[in-house]
1. Find out how many positive minus negative residues lie around Val30, taking Lys and Arg as positive, Asp and Glu as negative, among other residues whose Cβ is under 15 Å from that of Val30.
2. Please report, in debye to the nearest 20, how large the charge dipole of the chain is about its Cα centre when each Lys and Arg carries +1 at its beta carbon and each Asp and Glu carries -1 there.
3. Considering only protein heavy atoms, what per residue accessible area in square angstrom results for region 1-55 with a 1.4 angstrom probe?
4. Straight distance only, please: which lysines reach the Cα of Lys66 with their own Cα at less than 30 Å, same-chain residues fewer than 8 apart left out?
5. Which distance in nm do the two modelled labels at Asp19 and Asp7 give, with both placed 7 Å along the Cα-to-Cβ direction?
6. Ignoring ligands, DNA and RNA, please state the percent of accessible area on the chain from carbon and sulfur, probe 1.4 Å.
7. Where does helix 72-82 land angle-wise versus the long Cα axis of the chain, in degrees 0 to 90, nearest 10?
8. Label points 7 Å out from Cα along the Cβ direction at Leu32 and Cys50: separation in nm?
Amino acid sequence: MDKVFIDDLMVRGVIGISDRERSQPQDIVVSLVLYTDISKGGESDKISDCVNYRTIAKSIIAQIEKVSRYTVEALATDIAKLC
């Protein structure tokens, strides 16, 4: 398996337990490693055979902006499901 890295994706979202934390969006920094097989795209040189990092990043941003979570664990589970 190959690794694809998305580092330091900055998103504004609501996360936390206290009223103060939840009163307004705060910066959330996401870094992740995706495991995938990139050989097909590497051999064909076709975009359709490649992982679209932009699509993944935009999906993560949309999810964080849409939901408000109490725990980092719940947010991480959301992101894992997207990936």
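The values are calculated or read from the model by the stated rules, or taken from the named source; none is laboratory data. Predicted model only: the values in this text are computed from it and were never measured. Virtual Cβ from ideal backbone geometry, glycine too; neighbours counted across all protein chains shown. Note: areas computed on protein heavy atoms with side chains; ligands, DNA, RNA excluded. Shrake-Rupley method; radii C 1.70, N 1.55, O 1.52, S 1.80 Å.
1. Summing Lys and Arg as +1 and Asp and Glu as -1 gives 0.
2. Working: 11 positive and 13 negative charges, 63 e Å.
The calculation lands at about 300 debye.
3. Heavy-atom SASA per residue in region 1-55 reads 77 Å².
4. Lys3, Lys58, Lys81
5. Output for this residue pair reads 4.1 nm.
6. Values: 3110 of 6070 Å².
With neighbouring chains kept in place, the figure for the chain is 51 percent.
7. Result, in degrees: 30.
8. 2.0 nm
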